[in-house]
Amino acid sequence: MTWSALINATAAALAPRVTAAGGTLEVAQSLAEARAFLEAAPNRWRLILHWEGFSGNAKARYGMTTHKVATVIQQRKTLAVKPGDALTHTSPSGEPSIAERIQTVIEWMCAMQFPDGTSADVAGFVLSDSQWLETLPNFQAHAISWELDAAIPPYNQKIALTF
């Protein structure tokens, strides 16, 4: 599975869900572009999708690799949570908190199923880690990193080495 096929399929699956939840989906082609998105104030909450690269895989010899993908939730800050209140506190306008958005995005990513023939692990995306990111004043952003084991496309040529 190529990284572009993975990102395109993931974006196609997420886009209608993000839109239905009142947000926008941005696909970053590079880490620099993902950072640039965080520096521009969105009109509504947004989900930034970014392919971070490959990482090692114990089955690399057999054509397996691990794709690293990031989802970043960015939104305007809702009212601060008071001691004793739940983290699911919403604003007076009914806007969900970032904690609720994080949980929703986790559910969407974990629910994705890869059909036969895509060479992806049937376990799908596995949550790797998450972290808060610096963003604009009055906004908040949280990145969630994912891993997906998948076969790399077969090589069509052989290059002989001479020693």
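Computed from the coordinates by the stated procedures, all read-outs in this text should not be read as laboratory data. The structure presented is a predicted model; accordingly, all values stated were derived computationally and were not measured. Note: ideal-geometry Cβ built from the backbone for every residue, glycine included; neighbour counts use all protein chains shown.
For the chain, the longest principal axis of the alpha carbon atoms and the long axis of helix 98-111 meet at an angle near 30°. The stretch between LYS77 and THR118 holds 10.9 nm of extra length on full extension. This uses 0.36 nm per residue minus the Cα-Cα distance.
Relative contact order for the chain: 23 percent, from Cα pairs under 8 Å spaced at least 6 residues apart, divided by residue count.
Taking 0.36 nm per residue of separation and subtracting the current Cα-Cα distance, fully stretching the chain between ALA13 and ALA151 would add 47.6 nm.
By the helix-only formula, in which each DSSP H run with n ≥ 4 contributes -39500 (n - 2.57) and the sum is divided by residues, the chain has a 222 nm mean residue ellipticity of -8000 deg cm²/dmol. Averaged over residues, the count of other Cβ atoms within 10 Å places the peptides 63-71, 9-17 in the sequence 63-71, 9-17, highest first. Projected label points at PHE163 and GLN103, each 7 Å from Cα along the beta carbon direction, are separated by 5.9 nanometres.
The base-10 log of I(q)/I(0) for the chain, evaluated at q = 0.17, 0.20 Å⁻¹, reads -1.02, -1.31 [Debye formula, identical scatterers on Cα atoms, solvent excluded].
Amide hydrogen proximity for PHE139: with H placed 1.01 Å from N in the peptide plane, the residues at 5 or more positions away or on another chain lying under 5 Å are LYS77.
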